[in-house]
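A short write-up of the structure that comes next.
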Amino acid sequence: MQLRYNFRLYPTAGQRQALANAFGCARVVFNDALRARQEAHAAGLAYISDGELSKQVITEAKKTGQRAWLGEVSAVVLQQALADLNTAYRNFFNSITGKRKAKVAPPRFRSKSDRRQAIRFTRNARFQVTAGGKLRLPKIGDVTVRWSRRLPSEPSSVTVVKDAAGRYFASFVVETSGEPLPETAAEVGIDLGLTHFAVLSDGRKIDNPRFLRRAERRLKKAQQALSRKAQGSNNRKKAIVKVARAHAGVADARRDFAHKLSTRIIRENQAVYVEDLSVKGLARTRLAKSVHDAGWSALVNMLEYKADRYGRTLMKVDRWFPSSKLCSACGAVAESMPLNVRSWACPCGAVHDRDVNAARNILAAGRAERPNACGGTVRPAA
């Protein structure tokens, strides 16, 4: 399986300028290629092939006075910009033909003012990690890397990213094999929510950290300071970076929390069952801000790839399954269960904590739907 490993970069002033040139060249090639295809389409001409497009916007363009500076950066960076455009077109075509369920807009032009810039180097570019632990990039130099762990194998590519907060990162793509953990008999159902971030079927409750809510005051002050700066001034540029750094701190804290929680859950349980929530639908309700702040999708995605990597099982229970209204003791279903009801009593005499009961029902439903050794489900036929 392929994994990404991200590390912080600390380029020198000269290397930052070289990276800025590479970002700009990649952006220009992408935009020139997109414009060429749009003009061909408007003129009723055939779709320009990848090879012809590369020749037109890179090889021939370097020979002109207007684009001669494209030769100052690695050719692989320019080719990867075209690869990004081809991927964008492929996703768009798959969307309109029905091969891809999610709707995808056609490619758009990249702007110089985009807060996130990125370039990609493949093995053809001959990037390497030096003996001293620096990242050697063609026509940029040896960049200092803050290593937090070892790469499990030789990377096939590295993407250098400058984020909105002005930080630089190296994102390595590596091929790894599974690392199965020792088997355990424990299994867990997880009910994700807002009162508590997660409630486990064994009764444990994980508090909702509410990173965005806790940082709101600081974010508000930074945003107000930005609004008072004159358009186009240097002070406004500095204020923009301050706002971006404040938001980056929130995102980093949320990601760190999700990584630690998902790792703990995967290590402790052989099988994990979660509800297949419609986050997009919930994000259109009055709870949208809290839903986005929770970051359920990030946790589920991490559980998914970590389960695959460590030999665990992750199953998603149908979102229409009445986990909250179903009595985990007798199987009776309550007629209604408003959100303000946090505990309820079933006619059978069982008294339930709403979230713990839901987590137990998710565990039971996941076990019933889990394939057995013969490939069938555990649930008996009706």
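The values are calculated or read from the model by the stated rules, or taken from the named source; none is laboratory data. Just so it is clear, the structure is predicted and the values come from calculations on it, not from any experiment. We place every Cβ from the backbone using ideal geometry, glycine too, and count neighbours over all the protein chains shown. Areas reflect the complete protein model, heavy atoms only, side chains present, ligands, DNA and RNA absent. Shrake-Rupley method; radii C 1.70, N 1.55, O 1.52, S 1.80 Å.
So for region 268-290 (the condition being in a helix (DSSP H, G or I), at pLDDT below 95 and open to solvent by 90 Å² or more (accessible area, probe 1.4 Å)), does at least one residue qualify? Yes, region 268-290 contains at least one residue that is in a helix (DSSP H, G or I), at pLDDT below 95 and open to solvent by 90 Å² or more (accessible area, probe 1.4 Å).
Determine whether Asn21 is part of a helix (DSSP H, G or I) and open to solvent by 20 Å² or more (accessible area, probe 1.4 Å). Don't jump to the end; show me each part of the working.
On the way: part of a helix (DSSP H, G or I): yes; open to solvent by 20 Å² or more (accessible area, probe 1.4 Å): yes.
Yes: the conditions hold for Asn21.
Across region 140-160, the qualifying residues are those that are of a type in the set (A, V, I, L, M, F, W, C) and more than 17 Å from Ala125 (Cα to Cα), and the one among them that is least open to solvent (accessible area, probe 1.4 Å) is Val145. Residues in region 63-99 that are in a helix (DSSP H, G or I) and open to solvent by 70 Å² or more (accessible area, probe 1.4 Å): Lys63, Trp69, Glu72, Gln79, Arg90, Phe93, Ile96, Thr97. Scanning region 175-225 for residues that are part of a loop (DSSP other than H, G, I, E, B) and basic (Lys, Arg), which turns out nearest to Ser343 (Cα to Cα)? The extreme case among them is Arg204. Residues that are touching a strand residue (DSSP E or B) at 6+ places or on another chain (Cβ under 7 Å), assigned to a loop (DSSP other than H, G, I, E, B) and open to solvent by less than 40 Å² (accessible area, probe 1.4 Å) within region 316-326 comprise just one, Ser323. Selection of first residues in region 1-29 that are touching a residue at least 60 places away in the same chain (Cβ under 8 Å) and of second residues that are in a helix (DSSP H, G or I) and hydroxyl-bearing (Ser, Thr, Tyr), restricted to Cβ pairs under 8 Å at least 6 apart or on distinct chains, gives the following pairs, ordered by first then second residue: Met1/Tyr305; Leu3/Tyr305.
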